[in-house]
Every structure is written in C-alpha cells, then in structure tokens.
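Q: Mind looking over this structure? Questions follow.
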Amino acid sequence: VEANSLNLTDSLGRYPPWPGKIVSPPKDLKKPRGKKCHFVKFFGTEDHAWIKVEQLKPYHTHKEEMIKINKGKRFQQAVDAVEDFLKKAKGKEQVRVSSTLFFFLNKRHFLSICIPLESTGDSLEMLGAGPGSGFKWESSVGEPPLPTKPAFLLNNSLFCFIQYGFPKDDVLIVQDTGSTSIQAADSTAINGSITPTDKRIGFLGLGLMGSGIVSNLLKMGHIVTVWNRTAEKCDLFIQEGARLGRTPAEVASMCDITFSCVSDPKAARDLVLGPSGVLQGIRPGKCYIEMSTVDPETITELSQVITSRGGRFLEAPVAGSQQLSNDGMLVILAAGDRTVYEDCSSCFQAMGKTSFFLGEAGNAARMMLILNMVQGSFMATIAEGLTLAQATGQSQQTFLDILCQGQMASTFVDQKCQNILQGNFKPDYYLKHIQKDLRLAISMGDMANHPTPMAAAANEVYKRAKALDQSDNDISAVYRAYIH
C-alpha cells in the first residue's frame, strides 16, 4: 500500500465505520516505534492516526455489510466525500485504483477498508513544533482544507486525538499533579514507545485475562516468568520468550515484581498462603500485585501478610474483557503502595489504555466491584429487553438497531446483543465471574448499610443462568435464563 489509499473504519459500536485515506505524514512526525503502520486522514473530519500495516486483510466481502449497518447522516456524507474524491481523482488521471482491496482490524476493533491508490497528490504541512501545534491538510483534488488540530508530544512522538476512533480523553500529557489518574494514555499511541522496565516480572494465572496481559508484556520487551495451575497453558508463552516457574513461591523469589490474576478470593488467598505459595518467596523489597477481582477484606489480608515479610503490595484489578486484554486496552484500577504503581508504569502501559491510582489498599477492589455490579445489572437488563421484544412480537434485530442509534449506544451493547442473536456465547468474561462480582458487591453494600436492590435482582437471574449450566459461557448467556 503506497502513500495514498482509502479506508473505512468500524468500531462495532458507538463509533461507526468511517472513510479515510492513507497519506504521507509530515517529515517531522515519527512513527510509533516498533510498528509498521500508515498515517491515515479521515474524510469529513480533522482526524488522523497511525494504522498498523499487518492488520490489512481482504476487503471485498465486507464493504456492503459495513455500509449497510451504518445509516448516520455524517457517515453517509463522509462516504459521499470518498466517492467525490474518486471521481475527481479519476477525472484528473491522478490516481489508479488497484483491483486489490483490504480491511484492517486494529486494537480498538475497527474494521478499515483500504483501496490502494498510487498518487502523491496530497500533502501535509506541519504547523508549529510542540504541544498545541497541529496539521494543515492541502489537497490537489478539491477537498476543503481542514482546520488546525491540537496535538500532544508524548515520548518524543507527536500524536493527535482521533475523534471517531478514540474518546478524546484517552491521550493526555502524563503529569503527576496529584490526580488519581497519572497514566491516562492511549495504548495504541504509547505502546510503540514503551521502554520496558529492567525489573524481572512474574505472572501467576493464565486465564482469559492473564493470557492477554502476559502476551502484551512480552511483546513490549518485558522479561516475564510465568506459572499456571494447569502447566500446559504456559507452553505458548515459553515459545514467545517467557520463562517457566515451577511454583508461585519460585516465581516470587526469582522476580522483582509478581502479578497474580485468578478467579476469586479463595484462589487469590491459596496462591499466596497455600503450599509453595507466594508468601514463601517474598523477601524485603519484593513486589506483589493482586490483579484478581476480589473483596476488600481479601485485599487487606493479602496486603498485611506480604508487608509483614518486608514485601511491597499493590492491588490492580482490571476492567475489561478477554478481547480488550488481548488488545492491550484494559483499564487498570490500582491502590496500595504508590511506589510499586510507579515501578509498574511500563507494565501498565503494555497491558492497558489507562490506569488509575485510587489510594489505600482496598479502594481498587471496592471500585472494581461497583463497576462490575453496574455492568452485570446492565447486561441482565439488556437480555430482559431482548426477550421482552420477542415475547411481544417485536424484532430483536430492530430493537438492537434502535438501541445502537440512541444514547445507550456502545461497543459493549452492540457486541453482546449481536452475540446473543447469533447464539454465540463464547466467553469474553465468564458468567460465573460476573455473578461472583455481583455477590461480592451486594455483600459490600450490606456492610455499608447501603441498599443494592437492582444488583440483587440481577444476581438472581445470573444464579438461574448458572443453574442452566451457563457458568463457563459469556456473561451474555444470562439471556438464556429468560428463555428457559
């Protein structure tokens, strides 16, 4: 794919497919380090972004589908702009459209349709040189020039907000101003410039979330030792360059920082306190980071036993799913020893798009349970709406189409509902785990003497789904509790 081509991008949710073209970047604009990518300008917007080359895939069979499912006026205007561009370009014989078409899948799940062109008719002019500078587009095929655009200098590379690809608060200049969020940085932009810590990293638990986290740590150059209760799961990561630990104690003793990501409070306690557990490998200065979603009481207990041995403790549960874990786009909620949080900066950048420091140990567990309580209740309500639509003779697909054009539109709603309609309940987040989180959140509400009636109702629906053997399916399988 040469300097100029056309793309169509789809976020599978709130952000519709969006047409654009690959252009030559300014000479002073550096590519994200370690990534082969093109610089893309989106039609009808001021937005532009680096897009990874290896994510280009055959396009023809997807174009009509992408256009059909997006009816928005601005989207149609942007598509019309593409057609005008092609007509004008052809008329001036400035470009030759290749017969080979592509789409790509990026870390935000955007499908981009690419029509390779051969032209150098468009140019970019750099305005300014630093924070607050922007770009001015000059086109030889009659497109109106775009206004200048704010940009931020991050790790010596210039990145701009992508209106239709990324929420605008994802790209921030990283400053420690006392805020609870000191690592709010877009993973797609920043990951390519990560300088991995030279500390030895251990990781315990290679489940749905842990596997993606370890893969991204390795990709970004971290030295990682892995352990899993089912040893066979370690094989793939050993092939990718990870080292193997025989027990949790051995991993903790070999590594400077050890992460754990397991299923529930009992598993988290057993990993630390059980035979050959982490506690046996803790020495003064060793860091232990609990990423499992557990209750605050478990965090307090683990923090006390780790620090009693001279270790340093941080909790860092993650908001997201298997896909977001694989894509390095998790949200990390951290609390405990802030110096550990800072020591893990490169790790958190590798695995997530944003991290928050929430103060004393236990706060991250509380926040995580609240978030998952909301997500679990919302998923149950969506399932209830889909089944009520069916029961009253309404089209479930039409219900989804309307929902995704309104205020509740989101990638989460779109993906989960599409999976339900397709009967695809492959786990992205286990149903049994969201039910566990609801149970823990309700218990937390009881201790705070705070009512949680919505969560309690949702919890009963998930318990019914578990009774229907849906525990190891995705949370969207709560739908089946309403149809059986």
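Q: Tally the residues that are polar (S, T, N, Q) and open to solvent by 70 Å² or more (accessible area, probe 1.4 Å), restricting the search to the range 216-243.
A: In the first step, residues of the range 216-243 are kept if they are polar (S, T, N, Q); the result is 216, 225, 228, 230, 239.
Still in the running and open to solvent by 70 Å² or more (accessible area, probe 1.4 Å): 239.
Here the count works out to 1.
Q: Would you mind telling me which numbered condition in (1) part of a loop (DSSP other than H, G, I, E, B); (2) open to solvent by less than 40 Å² (accessible area, probe 1.4 Å); (3) free of Cβ contacts under 8 Å to residues at least 40 places away in the same chain Ile382 fails?
A: Going through the list (1) part of a loop (DSSP other than H, G, I, E, B); (2) open to solvent by less than 40 Å² (accessible area, probe 1.4 Å); (3) free of Cβ contacts under 8 Å to residues at least 40 places away in the same chain, Ile382 breaks only (1).
Q: Let me ask you something else. Among the residues of the range 405-416, is any touching a residue at least 40 places away in the same chain (Cβ under 8 Å) and either buried (at least 22 other Cβ atoms within 10 Å of the Cβ) or part of a strand (DSSP E or B) (or both)?
A: Taking the range 405-416 and keeping what is touching a residue at least 40 places away in the same chain (Cβ under 8 Å), we get 405, 409-416.
If we keep only those that are either buried (at least 22 other Cβ atoms within 10 Å of the Cβ) or part of a strand (DSSP E or B) (or both) as well, we get 416.
There is at least one residue in the range 405-416 that is touching a residue at least 40 places away in the same chain (Cβ under 8 Å) and either buried (at least 22 other Cβ atoms within 10 Å of the Cβ) or part of a strand (DSSP E or B) (or both).
Q: Further question: Residue check, Leu279 against (1) over 27 Å from the mean Cα position of the chain (by Cα); (2) open to solvent by 40 Å² or more (accessible area, probe 1.4 Å), all met but one. Which one?
A: The single condition Leu279 does not satisfy is (2).
Q: What is the one condition in (1) at pLDDT 95 or above; (2) among the hydroxyl-bearing types (Ser, Thr, Tyr); (3) surrounded by 15 or more Cβ atoms within 10 Å (Cβ to Cβ) that Ser395 does not satisfy?
A: (3)
Q: Another one. May I ask you to list pairs of residues, at least six apart or on different chains, whose Cβ atoms are under 6 Å apart, with the first in the range 315-326 being surrounded by fewer than 22 Cβ atoms within 10 Å (Cβ to Cβ) and among the hydrophobic types (A, V, I, L, M, F, W, C) and the second being assigned to a helix (DSSP H, G or I) and at pLDDT 95 or above?
A: Once the first residue is surrounded by fewer than 22 Cβ atoms within 10 Å (Cβ to Cβ) and among the hydrophobic types (A, V, I, L, M, F, W, C) and sits in the range 315-326, its partners that are assigned to a helix (DSSP H, G or I) and at pLDDT 95 or above give Ala319/Leu371.
The values are calculated or read from the model by the stated rules, or taken from the named source; none is laboratory data. Just so it is clear, the model here is predicted, and its values are computed rather than measured. Heads up, the Cβs are rebuilt from the backbone with ideal geometry, glycines too, and the neighbour counts pull from every protein chain shown. Ligands, DNA and RNA are excluded from the accessible area calculation, which covers all protein heavy atoms including side chains. Shrake-Rupley method; radii C 1.70, N 1.55, O 1.52, S 1.80 Å.
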